[in-house]
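Down below is the structure, laid out as structure tokens.
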Amino acid sequence: MGKKVIVVDDAPIIRLMLKDILEYNGYEVLCECANGQEAVDQFKALQPDLMTLDIVMPEKDGIAALEEILSIDENAKIVMVTAVDQRESLMKAIRAGATDYIVKPFENDRVVSAVKKAFGEE
Amino acid sequence: MTEKKKIDRALKLIAGLSIDKSSQVLSKMIKMGASIEMRDVYMADISQLTANRTAEDEKEVVGAFIDLVGDAPFKFLFYVSADDSLVLTDLILRREVGTSKEFDLYSQSAVQEIGNILASAITNVFATDFQISMRPSPPVVVNDYASTIFQEYIMSAALERDEILIIETVFCVVQQDISCRMFILPMQESEKILNYIVSTM
């Protein structure tokens, strides 16, 4: 069984793309979440090995969700996903403890590389 | 040069840079050349603007409204015909064009995400070229007639004044006959920042 991942993005098309890429590369996608609150709830419930987390989302954004998840598990592996190069948000996420980041629109290889790097597989 | 002309010039510069960046990200997203052209930058009377739309505006479209919030707030609108949103969905998902037959969750999401990425490209231009901090709000996707969507977009700014400045663009996707529209509308609070940009030009 592959390592377990939760995919979080408010855009279903992005969740589908990430899920396809991850599953094709041997990871198990446990569930998809559409906002930060769902991400926190599902992290607690399913305890994934890694989470991909969009930054701009309704209800609770990715940065707030990241901080809450890291307060639950300081070793959580979180790869942030953001549209174009939002440097300010990315720096905030990295300072808060994000493992890595992916910039949308992304190439498949970049997603796999970020996930492998988070698992120390690269 | 009058103050108004200077601000128009600054907006054209910002729009030009934003369009270049937007073309790059859209091309990357759909893995196909996409060109965006600035159709017009104009000051318009709100009451006339909603009355002067053309027959083309009676098409059913899918649009994404986004607020660009921060030091220089703008309102952003992207829309594409409902039929063309299916083609964009297939291009984003790297599927054969024609696979998507009906407007569904994914075609709605394709427009949402294109809007999000284009709006982010614009805020990126503000940040890197002008050191102006901006961020996009989560997109709100609407499916309606182009005229209705445009009117809603315009009216969101009408509470503040009678005249608004609009940057209107049209862009085409190479090899596919898709035409989309993107509007960027500076809010009144942006004037101070735009004046600052003018002073640096």
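None of A:V115, A:V79, A:V40 is crowded, with 17+ Cβ neighbours inside 10 Å and touching a residue at least 40 places away in the same chain (Cβ under 8 Å) except A:V115. Considering the conditions (1) surrounded by fewer than 21 Cβ atoms within 10 Å (Cβ to Cβ); (2) within 27 Å of B:K21 (Cα to Cα); (3) within 11 Å of another protein chain (Cβ to nearest Cβ), A:I94 is excluded by exactly one of them, (3). For B:S100, the criteria (1) free of Cβ contacts under 8 Å to residues at least 24 places away in the same chain; (2) assigned to a helix (DSSP H, G or I); (3) not hydrophobic (A, V, I, L, M, F, W, C) hold in every case but one, which is (2). Being out of contact with any Ser or Thr (no Cβ under 8 Å at 6 or more places or on another chain), among the charged types (D, E, K, R), touching a residue at least 24 places away in the same chain (Cβ under 8 Å) and buried (at least 19 other Cβ atoms within 10 Å of the Cβ) is the filter here; which residues of the stretch A:8-31 pass it? Within the stretch A:8-31, A:D10 is the sole residue that qualifies. Just one of the listed residues (A:I55, A:I6, A:I72, A:I78) is at pLDDT 95 or above, more than 16 Å from A:A118 (Cα to Cα) and of a type in the set (A, V, I, L, M), namely A:I72. A:E74 - would you say it is free of Cβ contacts under 8 Å to residues at least 24 places away in the same chain and either within 13 Å of the chain's Cα centre (by Cα) or within 14 Å of chain B (Cβ to nearest Cβ) (or both)? Against the criterion (free of Cβ contacts under 8 Å to residues at least 24 places away in the same chain and either within 13 Å of the chain's Cα centre (by Cα) or within 14 Å of chain B (Cβ to nearest Cβ) (or both)), A:E74 does not qualify.
Looking at the stretch B:125-146, can you tell me whether even one residue there is in a helix (DSSP H, G or I), more than 8 Å from chain A (Cβ to nearest Cβ), surrounded by fewer than 24 Cβ atoms within 10 Å (Cβ to Cβ) and at pLDDT 85 or above? Yes - at least one qualifying residue is present in the stretch B:125-146. Output the number of the condition that B:I92 fails; it satisfies all remaining conditions of (1) buried (at least 17 other Cβ atoms within 10 Å of the Cβ); (2) in contact with a strand residue (DSSP E or B) (Cβ under 9 Å, 6 or more places away or on another chain); (3) facing another protein chain (nearest Cβ under 9 Å). All conditions are met except number (2). Within the stretch B:49-69, one or more residues are closer than 30 Å to A:N108 by Cβ, away from every other protein chain (no Cβ under 14 Å), modelled with pLDDT of 90 or more and buried (at least 18 other Cβ atoms within 10 Å of the Cβ).
Scanning the stretch A:10-30 for residues that are within 21 Å of B:P139 (Cβ to Cβ) and at the interface with chain B (Cβ under 9 Å from one of its Cβ atoms) turns up A:D10, A:A11, A:P12, A:I13, A:I14, A:R15, A:L16, A:M17. Within the option set A:A45, A:A11, A:A39, being of a type in the set (G, A, S) and closer than 22 Å to B:L93 by Cα holds for one residue only, A:A11. Residue check: A:D85 meets all listed conditions (1) modelled with pLDDT of 90 or more; (2) surrounded by fewer than 23 Cβ atoms within 10 Å (Cβ to Cβ); (3) touching a strand residue (DSSP E or B) at 6+ places or on another chain (Cβ under 7 Å); (4) within 14 Å of another protein chain (Cβ to nearest Cβ) but one, namely (1).
Of the residues B:I149, B:I154, B:I122, B:I117, which single one is under 15 Å from the mean Cα position of the chain (by Cα), more than 16 Å from B:I30 (Cα to Cα) and at the interface with chain A (Cβ under 10 Å from one of its Cβ atoms)?
Being under 15 Å from the mean Cα position of the chain (by Cα), more than 16 Å from B:I30 (Cα to Cα) and at the interface with chain A (Cβ under 10 Å from one of its Cβ atoms) holds for just one of B:I149, B:I154, B:I122, B:I117, which is B:I122.
Taking the conditions (1) within 18 Å of B:L93 (Cα to Cα); (2) away from every other protein chain (no Cβ under 14 Å); (3) crowded, with 22+ Cβ neighbours inside 10 Å in turn, A:V5 satisfies each one other than (1).
The values are calculated or read from the model by the stated rules, or taken from the named source; none is laboratory data. Everything numeric in this text was worked out from a predicted model, so none of it was measured. Virtual Cβ from ideal backbone geometry, glycine too; neighbours counted across all protein chains shown.
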